[in-house]
Amino acid sequence: DYCLRALSTILEEIPAAKVILSSTWRAQPNLIAEILESFYLFGKKFGGPLKDLEEFAGMTDPNYHSERQHEIGMYLSEHAIDDIAAWVALDDEELLQGKANEAYRSKFEGHVVKTNSRFGLNARDAAKAIQLLKSQLGQS
């Protein structure tokens, strides 16, 4: 529940935020349905915006599996990222460091919250995501 509480907090603080799925779960409709069901059950039990999230606003290409940064970068390029006021990638995979992430590093700096794969999204990660989004939107 603490991971979903953290996501819910982001969506409460940034009501215009949309959720784009980039997890490998995107390739299996039953897993997408499982995520959405978890959102609904959490929201029903605790309130907040997750109970109303019936589908993802988008997802990275389910047929393209490469470096996660490249998958997200390709999505951003195809969906006119320059027209998006603010965005943040929440991921347990490295999106900034290393040779494999040189391709889009400059686009990703200031847009990444790296989570701990063992624990998932937490309140500290959510606070960082909110701070990054508000900073990009010119809010304090």
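The values are calculated or read from the model by the stated rules, or taken from the named source; none is laboratory data. Computed from a predicted model, the values in this text were never measured in an experiment. Every residue, glycine among them, receives a Cβ derived from its backbone with ideal geometry; neighbour counts consider all protein chains shown. Protein only, heavy atoms only, side chains kept; ligands, DNA and RNA dropped before computing areas. Shrake-Rupley method; radii C 1.70, N 1.55, O 1.52, S 1.80 Å.
Quick notes on this one:
- Of the listed requirements (1) open to solvent by 60 Å² or more (accessible area, probe 1.4 Å); (2) farther than 19 Å from residue 2 by Cα; (3) touching a residue at least 40 places away in the same chain (Cβ under 8 Å); (4) not polar (S, T, N, Q), residue 86 misses just one: (1).
- With respect to the conditions (1) aromatic (Phe, Trp, Tyr); (2) part of a loop (DSSP other than H, G, I, E, B); (3) open to solvent by 80 Å² or more (accessible area, probe 1.4 Å), residue 40 lacks only one, and its number is (2).
- When 81, 10, 20, 14 are checked against the criterion of being crowded, with 16+ Cβ neighbours inside 10 Å, modelled with pLDDT under 95 and in contact with a helix residue (DSSP H, G or I) (Cβ under 8 Å, 6 or more places away or on another chain), 20 stands alone in meeting it.
- Residues that are part of a loop (DSSP other than H, G, I, E, B) and either over 20 Å from residue 103 (Cα atoms) or open to solvent by 80 Å² or more (accessible area, probe 1.4 Å) (or both), drawn from segment 44-66: 47, 48, 53, 54, 55, 56, 57, 62, 63, 65
- For segment 48-102, the set of residues classified as basic (Lys, Arg) and closer than 16 Å to residue 26 by Cβ consists of 68 only.
Rundown of residues vs (1) under 24 Å from residue 4 (Cα atoms); (2) surrounded by fewer than 16 Cβ atoms within 10 Å (Cβ to Cβ); (3) among the hydroxyl-bearing types (Ser, Thr, Tyr), yes/no style:
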position: 71; (1), (2), (3): yes, no, no
position: 94; (1), (2), (3): yes, yes, no
position: 97; (1), (2), (3): no, yes, no
position: 103; (1), (2), (3): no, yes, no
position: 118; (1), (2), (3): yes, yes, no
position: 126; (1), (2), (3): yes, no, no
position: 129; (1), (2), (3): yes, no, no
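- Given (1) touching a helix residue (DSSP H, G or I) at 6+ places or on another chain (Cβ under 9 Å); (2) without any contact (Cβ under 8 Å) to a residue 60 or more places away in the chain; (3) not basic (Lys, Arg), index of the condition residue 57 fails: (1)
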